[in-house]
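Single-structure report; data block below.
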Amino acid sequence: MNSKPMILVIEDDETVSGFVCAILSANDYNPIKAVKGKEGVALAASHSPDLILLDLGLPDMDGIEVLKTIRSWTQTPVIVVSARYHEREKVEALDLGANDYVTKPFGTAELLARIRNAMRQYQRGKAQEMPERVIVGGLEIHYEKRLVSVDGKEVHVTPIEYKLVVLLSKNLGKVLTYDFIMREIWGPYANEIESLRVNMANIRRKLEKNPAEPRYIVTEVGVGYRMVDE
Ligand code: CA
């Protein structure tokens, strides 16, 4: 039996899928591929892969629809692959439960890092629903004590800042879209993008040695924020 992690590649461009499958095989994954959306959904159901790479531009079915269908029965990590002109779909996919994205053209190292990251998130999610605290490098968030500290020193944060830090830390490694964050913090009808920016800038000033080159919370341009996982 093949115990290597199975990755389903749903991609209609044979050049891209050939390249991706070669990289995956060379890195100890077991790739299987689908060229159409319907076939991808069928393979996701029949093979229950460990991760799915989903191209958003498919010939028969919108990639977003493929994602919704897959998400109706499984939380298997999904990384969406999008062309640069698919910005809006990329954000929509993340809001619908995709774990991460890569933009074409992408490099081998980036693809592999995102795959490892998404698998780690998934495993962590399964192992521990609610840890007592999260530690990333020198940053510690202690949920029970409601404490944020950096390098052992407590950092004073406002209630909104605390909520934001907790939200990001509970989704370690995962990019959270602006809309998702605003909904979670300010509710479904809020449009608080300016407040979000201001609060994030304040959080960075408090947590980061160099806020211009953040170590803990990075910006995904045009998409949202991510708390790094290592
Ligand atoms: Ca395509």
Is the stretch 82-95 home to any residue that is open to solvent by less than 10 Å² (accessible area, probe 1.4 Å), touching an Asp or Glu at 6+ places or on another chain (Cβ under 9 Å) and at pLDDT 95 or above? no
Quick test of your reading of the structure: residue 85 fulfils all but one of (1) within 14 Å of the ligand (Cβ to nearest atom); (2) within 30 Å of residue 145 (Cβ to Cβ). Name the failing condition by number. (2)
Result of the Cβ filter at 7 Å on the stretch 215-230, keeping first residues that are assigned to a loop (DSSP other than H, G, I, E, B) and partners that are acidic (Asp, Glu), at least 6 apart or interchain, is 215/208; 216/208; 222/87
Within the stretch 179-230, restricting attention to residues that are of a type in the set (Ser, Thr, Tyr) and open to solvent by less than 40 Å² (accessible area, probe 1.4 Å), which residue is farthest from residue 160 (Cα to Cα)? 216
Under 9 Å between Cβ atoms, which residue pairs at least 6 apart in sequence (or on different chains) link something in the stretch 71-85 that is polar (S, T, N, Q) with a partner that is more than 12 Å from the ligand (Cβ to nearest atom) and part of a loop (DSSP other than H, G, I, E, B)? 74/48; 75/97; 76/48; 76/49; 76/50
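The values are calculated or read from the model by the stated rules, or taken from the named source; none is laboratory data. This one's a predicted model, so the numbers in the text were calculated from it and none came from an experiment. Note: ideal-geometry Cβ built from the backbone for every residue, glycine included; neighbour counts use all protein chains shown. Heads up: the accessible areas ignore ligands, DNA and RNA and are worked out on the full protein's heavy atoms, side chains in. Shrake-Rupley method; radii C 1.70, N 1.55, O 1.52, S 1.80 Å.
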